[in-house]
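Peer 1: Below is the structure I would like to discuss, written out as C-alpha cells.
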Amino acid sequence: MKTVNHWIGGKTVEGASGNYGPVTDPATGEVTTQVALASADEVDAAVRVAQEAYQSWGQSSLAARTKVLFAYRALLDANRDAIAELITAEHGKVHSDALGEVARGLEIVELACGITTQLKGELSTSVSNRVDVAAIRQPLGVVAGITPFNFPAMVPMWMFPLAVACGNTFILKPSEKDPSAANKLAELASEAGLPDGVLNVVHGDKAAVDALLAHPGIAAVSFVGSTPIARHIHTTASANGKRVQALGGAKNHMLVLPDADLDAAADAAVSAAYGSAGERCMAISAVVAVGSIGDALVEKIRERAEKIKIGPGNDPDSEMGPLITAAHRDKVASYVKGAADQGADVVLDGTGYTVDGFEKGHWIGLSLLDNVKTDSDAYRDEIFGPVLCVLRAETYEEGVALINASPFGNGTAIFTRDGGAARRFQLEIEAGMVGVNVPIPVPVGYHSFGGWKDSLFGDHHIYGNDGIHFYTRGKVVTTRWPDPSEAPVGVDLGFPRNH
C-alpha cells in the first residue's frame with residue numbers, strides 16, 4: 001500500500017510515530033493509501049528545521065524570492081493535470097473541478113510573484129528638521145497553515161505562496177483525508193528552487209494540530225474549516241500568543257427577487273449548490289425566493305438537478321462525484337431523511353443513490369428541499385453536501401432580515417434586474433462576500449477572501465492585501481542625520497518637537 005510521508009527540509013521524511021491514517025478512494029470505497037500521522041515531537045522537529053531556514057530566507061532579497069515564485073508558477077502550470085488527478089483520486093471531485101481548483105490557487109501564486117510592489121513601504125521626508133519617517137513591513141518568522149479536505153491544493157496555495165514571498169518559512173498541516181496534493185505542491189516548490197526548510201508538510205490529526213497551536217516557535221496560524229474548529233483554533237492559538245486567521249463555516253444564501261431572470265437564477269442555484277458535491281464553504285445552500293416566484297423557481301431547479309450526471313471523478317462524463325467519506329455521506333443523508341418531519345417538502349431525495357459498478361463508493365444524489373423552516377436542522381447546520389434548501393419570503397425586507405439573522409456571514413448573492421435593490425443589498429446584507437447576479441462571489445486573488453460573524457475568527461481575511469498584512473508586521477523608523485556643519489545641541493529632556 002502506498003504511504004504518504006512528511007516533507008521536511010526539502011525531502012521526504014518517514015513518519016516516526018507509528019501512527020497512520022487511511023486514505024480512501026471515494027468512488028470505490030477502498031483504502032488505497034496510508035498517511036503518516038505526526039507526533040508532537042515530529043512537529044517540533046519540523047519547526048526547528050523551519051526556524052533554521054528562516055535565518056537566511058527571511059533576509060533574502062525580493063529578487064531571489066520572486067525568481068523562485070515565477071519558476072514555481074511555471075511548474076504548477078505544467079503539472080495541472082497531475083495535481084488534479086491526485087485530488088480526484090483522494091477527494092473524489094470530477095477532474096474538471098479539480099483543474100479549476102488548481103487554477104484558483106495559481107492566482108495567489110501570481111499575486112505572490114508581484115510581492116515587490118506590495119512590500120514597498122512608505123516614506124515621509126522632512127517631517128521635522130532633517131527628520132525622515134519610514135514605514136516598512138517585515139516577516140514574522142515560522143508560520144503554519146491548517147487546511148481542509150475539500151480543496152487540498154487551492155486552500156494551501158491561498159496561504160504559503162504569500163507567506164514565503166513575504167520572507168516567512170511555512171509548515172503546512174493538510175487534511176489527512178486527501179494528503180497527496182500537498183506533498184506534490186511542496187515537491188514542485190523545491191524543484192523551482194525554494195530552499196530546503198522554507199516549505200514543510202507535516203501530516204497528522206488533532207495531535208499534530210494541537211502541537212502547532214502550542215508551539216512557541218510558531219508565530220502565526222492560518223486555518224480554513226468548520227466553525228467549531230475555527231473557534232477552537234482562534235482561542236487556543238491566540239492564548240499562546242500567535243496571530244490567527246481562522247475561516248469557519250457558512251450557510252450561504254441566494255436572494256431571488258420577483259424581477260430576476262428565473263432561468264439564470266436556476267442555473268446559478270444548481271451550479272452553486274451541487275458543484276463539488278456541495279463540499280465547499282462558498283456553496284449556495286439556501287435560496288430565498290421572494291414573492292410569487294417560488295413555485296416556478298423550484299420547478300426550474302428540479303428540472304436542472306435531475307439531469308446532473310453523477311459518477312467517478314475520472315469519468316469525463318461525470319458532473320458530480322462522491323462525498324469524501326461514507327460517514328460524511330451518511331450524515332448528509334440524515335438531513336434529507338429528517339426534513340419532512342421538520343416541515344419541509346422533499347422535492348428531490350438523493351439518499352440511497354448508487355453508481356453501477358461502484359456500489360461501495362460514497363455516493364449520494366442531489367436533494368432539493370422546499371418550504372424549509374428556519375428552525376429546522378437542514379437550515380441551521382452547515383450540511384456540506386448536495387442539499388439545497390428553498391425558503392420563502394414575501395418582501396425584499398423580509399428576505400434580508402432572514403439572511404441577516406443567520407449566525408453565519410460568509411457569502412451571499414442576490415439575483416435581480418433592479419440596480420437600486422442590488423445596491424441596497426450589498427450595503428445592508430451582513431456578510432463578507434456579496435455577489436450580484438453571481439452565485440459564488442469568491443474574490444479574485446488580489447482581493448481578500450473572508451466572511452463575517454461565525455464565519456471568521458480573527459481580524460484578517462485570507463490572501464489579497466489582508467493576507468500580505470497577516471504574514472508581515474509593521475515597523476516605523478524615524479531617522480535624523482545632522483548636517484555636517486551643525487554643532488552638537490546638547491542634552492534636551494523635552495518632548496521631541498515636530499514644529
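The values are calculated or read from the model by the stated rules, or taken from the named source; none is laboratory data. These figures come from a predicted structure and were not determined experimentally. Glycine gets a Cβ as well: all are built from the backbone with ideal geometry, and neighbour counts include every protein chain shown. With ligands, DNA and RNA removed, areas are computed over all heavy atoms of the protein, side chains included. Shrake-Rupley method; radii C 1.70, N 1.55, O 1.52, S 1.80 Å.
Peer 1: Would you please list the contacts, defined by Cβ atoms under 6 Å and residues six or more apart or on different chains, that run from a residue in region 13-30 that is farther than 28 Å from Pro322 by Cβ to a residue that is of a type in the set (D, E, K, R) and buried (at least 21 other Cβ atoms within 10 Å of the Cβ)?
Peer 2: Pairs found: Ala16/Glu42.
Peer 1: When region 85-104 is examined, which residues are found to be in contact (Cβ under 8 Å) with a residue 60 or more places away in the chain and assigned to a helix (DSSP H, G or I)?
Peer 2: Within region 85-104, Glu85, Leu86, Ile87, Thr88, Ala89, Glu90, His91, His95, Asp97, Ala98, Arg104 qualify.
Peer 1: While we're here: Could you go through region 82-90 and let me know if any residue there is within 26 Å of Ala207 (Cβ to Cβ) and not aliphatic (A, V, I, L, M).
Peer 2: Checked against the condition, which is being within 26 Å of Ala207 (Cβ to Cβ) and not aliphatic (A, V, I, L, M), region 82-90 yields at least one hit.
Peer 1: Can you find, within region 144-166, the residue that is farthest from the chain's Cα centre (by Cα) among those that are part of a loop (DSSP other than H, G, I, E, B) and surrounded by 24 or more Cβ atoms within 10 Å (Cβ to Cβ)?
Peer 2: Cys166
Peer 1: Got a number for residues in region 167-185 being of a type in the set (A, V, I, L, M, F, W, C) and surrounded by fewer than 24 Cβ atoms within 10 Å (Cβ to Cβ)?
Peer 2: 0
Peer 1: Which condition does Asp356 not pass, out of (1) part of a loop (DSSP other than H, G, I, E, B); (2) open to solvent by less than 30 Å² (accessible area, probe 1.4 Å); (3) free of Cβ contacts under 8 Å to residues at least 60 places away in the same chain, if it passes all the others?
Peer 2: Single failed check for Asp356: (2).
Peer 1: Moving to a separate point now. Tell me the residue from Gly352, Gly411 that is of a type outside the set (A, V, I, L, M, F, W, C), modelled with pLDDT under 95 and out of contact with any Cys (no Cβ under 6 Å at 6 or more places or on another chain), please.
Peer 2: It is Gly352.
Peer 1: Quick check on region 289-344: of everything there that is in a loop (DSSP other than H, G, I, E, B) and of a type in the set (Val, Ile, Thr), which residue is nearest to the chain's Cα centre (by Cα)?
Peer 2: Ile324
Peer 1: Of the residues that make up region 288-308, is at least one more than 19 Å from Ala393 (Cα to Cα) and either of a type in the set (A, V, I, L, M) or buried (at least 23 other Cβ atoms within 10 Å of the Cβ) (or both)?
Peer 2: Looking through region 288-308, at least one residue is more than 19 Å from Ala393 (Cα to Cα) and either of a type in the set (A, V, I, L, M) or buried (at least 23 other Cβ atoms within 10 Å of the Cβ) (or both).
Peer 1: Taking region 420-472 on its own, how many of its residues are open to solvent by less than 70 Å² (accessible area, probe 1.4 Å), touching a residue at least 60 places away in the same chain (Cβ under 8 Å) and of a type in the set (S, T, N, Q)?
Peer 2: 2
Peer 1: Moving to a separate point now. Condition first: farther than 22 Å from Ala40 by Cβ, out of contact with any Phe, Trp or Tyr (no Cβ under 6 Å at 6 or more places or on another chain) and in a loop (DSSP other than H, G, I, E, B). Now tell me which residues in region 167-184 satisfy that.
Peer 2: Passing the criteria: only Gly167.
Peer 1: Which of the residues spanning region 451-486 are within 25 Å of Ile218 (Cα to Cα) and among the basic types (Lys, Arg)?
Peer 2: Once the filter is applied, which keeps residues that are within 25 Å of Ile218 (Cα to Cα) and among the basic types (Lys, Arg), region 451-486 yields Arg473, Lys475.
Peer 1: Tell me yes or no: at least one residue of region 20-39 is assigned to a helix (DSSP H, G or I) and buried (at least 19 other Cβ atoms within 10 Å of the Cβ).
Peer 2: No - not one qualifying residue is present in region 20-39.
Peer 1: Out of (1) part of a loop (DSSP other than H, G, I, E, B); (2) exposed (fewer than 14 other Cβ atoms within 10 Å of the Cβ); (3) in contact (Cβ under 8 Å) with a residue 24 or more places away in the chain, the odd one out for Lys120 is which?
Peer 2: (3)
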